[in-house]
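So the structure is just underneath, and the comments pick up after that.
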Amino acid sequence: MEPFCSTERSLAQAIQDAARRGTIRGTWVQVGRREHVYNLGQPDAHLYLVESGQVKTLTHTRDGKQCLLSIHGPGDVFGEPGVLAADRTETAQAMQVTALLKVRVAQLLSDCDPQVHEALIKHMANRLLEQQQVIANLVTMDSEHRLAALLVNLGNKFGKRRDQTALIRDRITQEELAEMVGTTRSRVGYFLKRFSVAGVVHRTEDAHLCIHLTELADYLENSSLSAGL
């Protein structure tokens with residue numbers, strides 16, 4: 001299993017090492033496509049390590065609009081709100097057939113290995129920084145900038161890298177991108193066309209999303225983008 005970032009690798013490795021030592025007894029779970037791992041409001045004091053597949057976390061606004069919070073792939077750990085809250089503050093849904101290692105938070109906290117505690121603290125701090133960045137982007141960026149920032153993040157996390165190009169083979173729909181950016185599907189389609197014309201994003205013959213990371217960053221920095229809100 002090849003995790004996608006150093007913080008995730010640290011916590012994933014700590015969980016795997018603790019499981020091998022027997023100080024943590026996780027449960028392997030397989031979730032079908034579109035099935036829920038857990039639901040908003042459900043008591044569930046577990047963390048989840050993705051072995052294979054893909055999971056998205058989402059919530060709903062008061063008027064019923066769905067908001068996609070994050071996407072997790074192999075090597076990612078999710079469900080960290082369960083460390084602090086008795087009930088789930090989000091819903092987790094499999095985007096494809098997914099294998100998970102389900103671990104009780106209490107087992108992690110009671111593990112005497114300081115590396116487990118350190119990895120958990122780093123993971124929680126990283127999630128806090130990510131959420132702060134999302135909030136800052138919503139306040140300071142128009143929707144076109146937010147989409148570009150999201151594509152760079154997804155490319156770095158899920159893309160198969162070749163130099164400064166990232167190929168995302170997993171299907172992420174325009175509707176899901178819109179839910180993460182906070183705009184409409186039609187606007188996302190319009191922005192993707194602009195990015196394609198600029199040569200910073202394109203679809204392959206197999207409909208995979210190819211992101212030119214450096215070019216997209218340069219495009220954002222040097223272009224005068226429309227508000228697009």
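Rounded to the nearest 500 deg cm²/dmol, what is the calculated helix-only ellipticity per residue at 222 nm for the chain, with -39500 (n - 2.57) per DSSP H run of length n ≥ 4?
So the helix-based figure for the chain works out to -13500 deg cm²/dmol.
What order do Y48, Y190 take when sorted by accessible area (1.4 Å probe), most exposed first?
Y190, Y48
Assigning unit charges at the beta carbon (Lys, Arg +1; Asp, Glu -1) and nothing else, what dipole magnitude in debye, to the nearest 20, does segment 37-104 show about its Cα centre?
100
Rounded to the nearest 20 debye, what is the charge dipole size of segment 102-183 about its Cα centre when +1 sits on each Lys and Arg Cβ and -1 on each Asp and Glu Cβ?
300
Apply the Karplus parameterisation 6.51 cos²θ - 1.76 cosθ + 1.60, with θ equal to phi minus 60°, to every residue of segment 39-54 and state each ³J(HN,Hα) to the nearest whole Hz, in sequence, with x for glycine and proline.
Whole-Hz 3J(HN,Hα) from phi for segment 39-54: 10, 3, x, 7, x, 6, 9, 10, 10, 10, 10, 7, 7, 8, x, 7.
Let me check something: with ligands and nucleic acids excluded, how do I135, I172 order by accessible area (1.4 Å probe), largest to smallest? Walk me through the numbers before you get to the answer.
Values: I135 105, I172 20 Å².
I get I135, I172, largest accessible area first.
Output wanted: per-residue J couplings in Hz (rounded whole) for segment 98-109, from phi through Karplus 6.51 cos²θ - 1.76 cosθ + 1.60, θ = phi - 60°, x for Gly and Pro.
Per-residue couplings from phi come out as 9, 9, 10, 9, 9, 10, 5, 4, 4, 5, 5, 5 Hz.
Which whole-angstrom value gives the distance between the alpha carbon centres of segment 120-148 and segment 98-116?
Centre-to-centre (Cα) distance: 26 Å.
May I ask you to list the trypsin sites (Lys or Arg not before Pro) in segment 1-103 that are in a DSSP loop and have at most 10 other Cβ atoms within 10 Å of their Cβ?
R25, R34, R62, K65
Which value, in debye to the nearest 20, describes the size of the charge dipole of segment 67-213 about its Cα centre when Lys and Arg Cβ atoms bear +1, Asp and Glu Cβ atoms bear -1, and nothing else is charged?
420
If DNA, RNA and ligands are ignored and the probe is 1.4 Å, what is the ranking of H60, H123 by accessible area, most exposed first?
Of H60, H123, the descending order of accessible area is H60, H123.
The values are calculated or read from the model by the stated rules, or taken from the named source; none is laboratory data. Remember, it's a predicted structure, so these values are computed and weren't measured experimentally. Reconstructed Cβ throughout: ideal geometry from the backbone, glycine too, with neighbour counts over all protein chains shown. Remember, those area values only see protein heavy atoms, side chains included, never the ligands or the DNA or RNA. Shrake-Rupley method; radii C 1.70, N 1.55, O 1.52, S 1.80 Å.
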